[in-house]
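Engineer: Have a look at this one before I ask anything.
Just so it is clear, none of the values below were taken in a lab; they were calculated from the coordinates. Since this is a predicted model, take the numbers as computed values, not measurements. Every residue, glycine among them, receives a Cβ derived from its backbone with ideal geometry; neighbour counts consider all protein chains shown.
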Amino acid sequence: MKQRVFSKLDGMKDEAIALLRTLLSFDSVDTPTSDPDAPHGEAVAGCLAAALNAAKDYGLLTTNLDGEAGLIDSDEGISPKIGMLCHLDVVPAGEGWSHDPFKGEIEDGKLFGRGTSDDKGPFVCALLALAAIRACDVPLKYPIRLIAGTCEETGSADIAHCKKCGVIPPYVFSPDANYPVVNTEKGMARFSVSATLPEDSALSSLSGGEVLNMVPQSAAATLKDGTIIKAEGKSAHASTPELGENAVTSLFEILCAQLQSDPAYGILETARGLHPPHVTDGSPLGIEASDEISGSLTCSLGLARLEDGVLTLSFDVRHPLCTSADEIREKLEARLCSTPFSVTKFQGIAPHHVDENSPFVQSLLSAYTEVTGLEGYCIAIGGGTYVHDIDGGVAFGTCFPNQDCRIHSPDEFIPVEDLILNAKIFAAALLKLQDQTL
Ligand SMILES: [Zn+2]
């Protein structure tokens, strides 16, 4: 059966490229509107309609769920047990491309365009897998539903809508991250701590970082005599702060060296001590933690601001399964109680974890190994994926280990060969799952 599905897929390469090019032609950045037919804008609605039309042409059943998501089903009338989840919205193309981001040009075996790897390409692969299985009349013990979302890049309100409508199957994989399988996503704690500076401090303003989820690349302080002090660093995602150089921590080093007799020195010295350069495990805040499944806690000081005499530091912490946002808050408050700082904002997001030994995850891993010959294993990440809020969901592909498809960057691409390869991996997984007891 699998061989028949695979030969079918081998003949679908040209239509995969054509469909991907059609989807790429929509600049489908989520643009909220009050139009009930296009809640995320004309381009997203157009892309969703094109995707559903293609599915219909393959004889699959389609539903447009209020413009929030498309449902593509293998069978009518029976509630699907297995789900694949992709999204059709993209981040803005931005500058710096050497290929048209909306055309799908092919060079050296790579197909370029915004969304080729994240996540229109993987959607095409998932659709082809389902279409090939249907074309080969494989009897399905567990019906399959492919869900095409519309606003993953802007907060995944589509998933909330799908959950409200009860349309998400119990076993879902999402090809919107990496292979082999991402089964653990760390929890998150985002908080701010503040202290009021003495009025006679020489420091008049301070600013570092632009968004909380990035390691600050630059920071600057101004003294009341007009002197400007600057620090430069290297940006990185907050889930991997060890890859960056935090400009704010460097700035506090400089300020502590220069303002030793300032009335605010004690506050600056404390600020420096809460996140010294290159210490990204949260230990200076007393919140370090680590476990075997999810690894170590990471801590990034993402924003620093001095406004109206109040110095505020904002942190982005990704924590392993062995601790919780509540525990982190308790430890943090204990650490700060003898300092001028106190917690002024705190938000926690629970971690996500699916058992590696479940028949579901094991089926995905063995399909991956069978088709690619590569080792199958589970990975834990600090970032959140599309399935973070879906119980039992895992991320599965489509970036291979050590492959950089320039997601969210200029010249994003997908190797043309990977279109059919991914479709085979998904098809093999979907077939394997039919033999399990779910
Ligand atoms: Zn994505």
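Engineer: Through the Karplus equation 6.51 cos²θ - 1.76 cosθ + 1.60, θ set to phi - 60°, convert the phi angles of segment 110-126 into ³J(HN,Hα) values in whole Hz; use x for Gly and Pro.
Structural biologist: 10, 9, 9, x, 5, x, 4, 9, 9, 9, 6, x, x, 4, 4, 4, 5
Engineer: Right, next: Would you compute, from DSSP H runs of 4+ residues alone, the mean residue ellipticity of the chain at 222 nm, taking -39500 (n - 2.57) per run and dividing by the full residue count, rounded to the nearest 500?
Structural biologist: That comes out to -9500 deg cm²/dmol.
Engineer: Sticking with this one: Taking the Cα centre of each part, how many Å lie between segment 362-438 and segment 197-240?
Structural biologist: Taking the Cα centre of segment 197-240 as reference, the centre of segment 362-438 is 40 Å away.
Engineer: Next question, about the same structure. Which number do you get for Rg(Cα) / (2.2 N^0.38 Å) in the chain?
Structural biologist: 1.10
Engineer: Turning to a different aspect of this structure: Starting from the 7 Å offset along Cα-to-Cβ, what nm value, one decimal, do you get for the label separation of Ser7 and Lys103?
Structural biologist: 3.8
Engineer: Which one of Ala380, Ala131, Ala202 has the biggest mean-square fluctuation once the chain is modelled by GNM with Cα springs under 10 Å?
Structural biologist: Of Ala380, Ala131, Ala202, the most mobile in the Gaussian network model is Ala202.
Engineer: Of Lys2/Lys81; Lys81/Lys424; Lys110/Lys424; Lys120/Lys234, which ones are farther than 25 Å apart at the Cα?
Structural biologist: Lys120/Lys234
Engineer: How far is helix 359-372 tilted off the main Cα axis of the chain, in degrees rounded to 10, range 0 to 90?
Structural biologist: Helix 359-372 sits roughly 80 degrees off the main axis of the chain.
Engineer: Can you figure out the FRET efficiency of Glu95 with Asp75, using R₀ = 51 Å and their beta-carbon distance, to the nearest 0.05?
Structural biologist: It comes to 0.65.
Engineer: Roughly how many whole Å is it from the C-alpha centroid of segment 318-335 to that of segment 57-72?
Structural biologist: Computed from Cα coordinates, the inter-centre distance equals 42 Å.
Engineer: Continuing with the same structure: Report the calculated FRET efficiency for Tyr377 and Gln436 (r = Cβ-Cβ distance, R0 = 25 Å), to the nearest 0.05.
Structural biologist: The pair Tyr377/Gln436 has a calculated efficiency of 0.80.
Engineer: I would also like to ask the following. If each of Glu232 and Glu330 carries a label point 7 Å out from its Cα toward its Cβ, how far apart are those two points in nm?
Structural biologist: With each label point 7 Å from Cα toward Cβ, the separation is 4.5 nm.
Engineer: What's the angle, to the nearest 10 degrees (0 to 90), between helix 247-258's Cα axis and the longest principal axis of the chain?
Structural biologist: In the chain, helix 247-258 runs at an angle near 10 degrees to the longest axis.
Engineer: Moving to a separate point now. Compute, for segment 187-349, the length of the dipole vector about the Cα centre, with Cβ point charges of +1 (Lys, Arg) and -1 (Asp, Glu) only. Units Debye, rounded to 20.
Structural biologist: So the dipole magnitude of segment 187-349 works out to roughly 180 debye.
Engineer: Measure of size requested: the Rg and Dmax of segment 187-349, with Cα atoms as the atom set and Å as the unit; please supply both.
Structural biologist: 15.2, 52
Engineer: What FRET efficiency comes out for Ile17 versus Glu288 if R0 is 35 angstrom and r is the Cβ-Cβ distance? Round to the nearest 0.05.
Structural biologist: Once rounded, the FRET efficiency stands at 0.10.
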